[in-house]
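Contents: one structure, followed by commentary.
Readers should treat all values here as calculations from the given coordinates under stated rules, not as data from a laboratory. It should be emphasised that the depicted structure is a prediction, and the values quoted were computed from it without experimental measurement. All Cβ positions, even for glycine, are placed from backbone atoms using ideal geometry, and neighbour counts span all protein chains on display.
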Amino acid sequence: MERFNRSSFAKMNFHLPRPRRAPLLLAPLALATALAACGGSDDASEEVAPLDLTIAHINDHHSNLDPIADQTMQISGIDTQVELGGFARVINVFKQYAGREDVLKLHAGDANTGTLYYTLFKGKADADMMNTICFDAMAVGNHEFDDGDAQLKSFIEYLQAGSCKTPVLAANIHPQVGTPLAPKAENDYLKPYIIKTIKDVQVGIIGLTIKSKTQNSSSPLATTVFDDEATAAQRTIDQLKSQGVRHIVLLTHLGYDADKALAPLLTDVDVIIGGDSHTLLGDFSAQGSGYATSGPYPTQAMNKDGKPVCIGQAWEYSKAMGEMHIVFNQQGEITSCTGQASLIIGDSFKRKGTDGNWAAVDNATQQQIAAAVAADRGLKMIAPDADASSVLKTYSGQVDVMKKEPIGSTTEALCLVRTPGESTNRSAGVAGCENANQLARGSDAAQVVAQAFLEASLRADIAIQNAGGVRVPLPAGTLTMGDAFTVLPFSNVLVELPVTGQQVAAVLEDALANYLDAGQTTGGGHPYAAGLRWHLDMSKTKGERFTQLEVKNRQTGAWSAIDPAHTYIVATNDFVAKGQDGYTSFKPIYDSGNYVNNYLLYTQTFVDYIRAKGSIGRPAASEYSHQAVITKGGVTLP
């Protein structure tokens, strides 16, 4: 939990950590009125009914419907393995709000893409599970466009097939009339906003989708127009104000940093519930260093009127949910904003015995752990919902058959990182990955995928993989077909491009600039490579970030400086080859037809690599693409 107070308003110091469970009280009404006098909406003096609002929310579940077994966290200071998440548990948490008239249930986008549930059922399994919650609204995530406008239309139809009719919101997306999302009118499938009445008070909910990432990293139709996020947000806020709506919630899929940057650009916004960056917020230090967070929950900001904005996000993959409580006074202004993001876990636990092996705890220890969990507001121990589990079984049989096929093993954990030095540990709970996000080497998983590409291509000198194309870490142990399709869930194929050394350097700079120069600290386009290594300084400007570029000779194994004039064969996935995710220097080569398509599904390439090796581990330190890293903030990583 976090507190709004006078000093935070006065000093604009919104993100300092505070005691976890202290009461969260905003400045008193006199201060709120004074702030309103400094600049607010014309109707600020008009009184409205006071409102206590609760928002329960998730984001970025990415077709992760099953729980994740054997996740390590500290409970009572002792390493403990738990079963983390699972959509049937998420549903049971949301069922606790049944009968309450003060609750909004929101999904901040990226329901699709990430596991075999999407590969096999293309969103229907996700929609059926989501319909057991009946979300009041969902934002469109960039991954909802991975298979184009027509597939997004199908998903929305699945979502609205039952009684819930969940509205899907995107105020900054305009499909062309006559295309799948707009057969008769622009808002046939995507609505800019909805108005919900909570205790006789109207609350406007506006959807926003990240523009550049969706256009560059997914597959919307060229005719589908994306507006600037801030412009669309203010336009829609003004529309709601003209209808007398005083309470505004933005349901965004922009990323945590973008949400913080957006708040001060807008008037009249009260709450931002976000997704996209897979950000864990709050204080989870009791669970160990692997559960590092990116800021407080809720995060405090100010809008353009100088009034408070409460920002929340709830991590990823059905592992967590957020609950935010907002109190509005008769002036329609926030006087209190409290809340908690919580990790959702099962009731079975393992701890290491005297032999060093993990084993189920005894009954007495079980009760002690359960009591500790009950006292920790950052943890929710709950059983899966029985009805939801029955729904999931209609799909899981087919998934299980494919998932269980063994393909090899890992000798150690292959940790997942997008950008070295990022604040959230995407491998939290995986033994051996406790501080992976703070190491210069970055993503073991992406590095191994790049190595698989290189070995699958008989011609390539270099292989390049975008970080966002690799979705989960791999713990040590047996690898199955299901693991492979979860790590690499997209329908990409391997292609080979002839690229000069100068163009290689340019495309790396492009990929970094695509997110760093957009004000983001991490991005799915961050490059990893096999047969190519570098020093990276993200505190520099574009063109100066990558130095000491070296290429490895596949015949001799010797490393040498990249030759700007030499033409190298680069193996990559077709998504990146087309210039997506910021790899713009590849696009002219691909568009000219000067490439070879191997027609090898990139997931199958990874499977073949593991099967050939039998067992894989982390590459040698000299093989990592990141040999040295300085973060955007100037910190040299170990």
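Okay, here's what the table says:
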item: Dipole magnitude of the chain about its Cα centre (Cβ charges: Lys, Arg +1; Asp, Glu -1), debye to nearest 20; result: 700 debye
item: For the chain, alpha-carbon Rg relative to the globular expectation (2.2 N^0.38 Å, N residues); result: 0.95
item: Cβ-based net charge around Ala108, under 9 Å, with every Lys or Arg adding one and every Asp or Glu removing one; result: -3
item: Span-rule helices in the chain, defined as complete DSSP H runs reaching 15 Å or more along the axis (Cα) with Kyte mean at least -1.0; result: 148-159, 229-242, 363-374, 386-403, 444-456, 501-516, 602-613
item: Potential lengthening between Arg554 and Ala230 on full extension [0.36 nm per residue; Cα-Cα distance subtracted]; result: 111.8 nm
item: Cα gyration tensor, the stretch 297-409 - rounded (a/c under 1.5), prolate or oblate; result: prolate
item: Cα lying deepest toward the dipole's positive end in the stretch 137-233, options Tyr189, Thr166, Ala230, charges on Cβ; result: Thr166
item: Linear extension gain, Asp238 paired with Ser622, 0.36 nm per residue minus alpha-carbon span; result: 132.7 nm
item: Peptide ranges 470-476, 369-375 listed from the most packed, as the mean C-beta count within 10 angstrom indicates; result: 470-476, 369-375
item: Fraction of beta bridges assigned by DSSP in the stretch 233-380 that are antiparallel (%, nearest 5); result: 65 percent
item: Sorted peptide list for 557-564, 186-193, criterion being average Cβ within 10 angstrom, highest first; result: 186-193, 557-564
item: Of Lys95/Lys307; Lys196/Lys241; Lys199/Lys260, pairs whose Cα-Cα distance is over 23 Å; result: Lys95/Lys307; Lys199/Lys260
item: Convex hull volume of the stretch 158-239 per residue (C-alpha atoms, cubic angstrom); result: 116 Å³
item: Whichever aspartates and glutamates have a C-alpha closer than 13 Å to that of Lys304, once near sequence neighbours (fewer than 8 apart) are set aside; result: Asp268, Asp270
item: 14 Å beta-carbon shell around Met481, net charge (K/R +1, D/E -1); result: -1
item: Cβ crowding within 10 Å averaged over residues, with 305-315, 48-58, 255-265 ranked highest first; result: 305-315, 255-265, 48-58
item: FRET efficiency for Thr354 and Ser615, using Cβ-Cβ distance with R0 set to 45 Å, rounded to 0.05; result: 0.95
item: Candidate lysines - alpha carbon under 26 Å from Lys403, same-chain residues fewer than 8 apart omitted; result: Lys122, Lys124, Lys319, Lys350, Lys393, Lys613
item: The chain: antiparallel DSSP beta bridges as a percent of all, rounded to 5; result: 65 percent
item: Computed FRET value (nearest 0.05) for Ala476 with Asp188, which takes r as the C-beta separation and R₀ as 41 Å; result: 0.25
item: Net charge of Cβ neighbours under 15 Å - reference Lys350; Lys, Arg +1; Asp, Glu -1; result: -4
item: Residue among Leu508, Ala450, Asn553 farthest towards the positive dipole end of the stretch 416-568, charges placed on Cβ; result: Ala450
item: Total charge dipole magnitude, the stretch 564-638, about the Cα centre, Cβ charges on Lys, Arg, Asp, Glu only, Debye to nearest 20; result: 180 debye
item: Gained length - Met402 relative to Ser219, 0.36 nm times residue gap less alpha-carbon distance; result: 63.2 nm
item: Two-site FRET efficiency, Ala69 against Glu46, from Cβ-Cβ distance with R₀ of 56 Å, rounded to 0.05; result: 0.55
item: Partners for Lys184 among lysines (Cα-Cα distance below 16 Å; same-chain residues under 8 apart left out); result: Lys153
item: Spacing of the two label points (7 Å from each Cα toward its C-beta) at Asp200 and Gln366, in nm; result: 5.0 nm
